[in-house]
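Down below is the structure, laid out as structure tokens.
Values in this text are rule-based calculations from the coordinates and carry no lab data. None of these values were measured; they are calculated from a predicted model. Virtual Cβ from ideal backbone geometry, glycine too; neighbours counted across all protein chains shown.
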Amino acid sequence: MEISNLFTAGGVVIWPLLGFSLLTVALIIERISFWVKITNRQNKVVREVLQLYRLDNVVSALDKLQKNTDLPIARIFLAALELEEATPEEFRLALESQAQGEIPLLKRFQNIFETIIGLAPLLGLLGTVLGLITSFASLNIGDVGGSKTTGVTSGISEALVSTASGLVVAIFTLVFANTFRGLYQRQIAWIQEYGGQLELLYRRRYERRDKSYVPTK
């Protein structure tokens, strides 16, 4: 079926489905760009920062983080490390609160994907129902087997185009939405892992500082 015939057969609902498909493609491109950027750089940057901090080179660690503030985990680390004289509890709360603040960015567009996944098949079904109503409305009972019956059969076949289009849009969106959901879950696991390592290093450093502190009389 040619593209022009597809839009004719699909009826009025084919246009919102087209809009959904174009919106989905645009959001998928943005999300792919976002996750590729994070995946390619994040692990290397975080490992270097943890190594510098482990060696008590705090200034270099902060400088490394400030050069990579486009990474969510770098912003999370900075929120805690830039606190002055923070207790381990305050340090942990800073990590957790900043991590919560990064979640909307990591889950960006997820609600839109879910809406498209739910609406696209329903719009396709609506188009089929409207097509069937139109086809049967033109059926003349006394003309069974005539030319009008052939037109009804053709109309039913074309009405199914909208259902197929809705399913294609929903399936395409679902594949990428699940992929991005998996990347989000893995990112949260990494934030928890690396954040725990940084918190442990800070706690040890804080305890060493307390032990070396001798109050003046």
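Data overview
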quantity	calculated
Dipole axis of the range 1-111 (+1 Lys, Arg; -1 Asp, Glu on Cβ), positive-most option in LEU17, ILE73, SER33	LEU17
Contact order normalised by residue count of the range 1-131, Cα under 8 Å, 6+ apart, percent	30
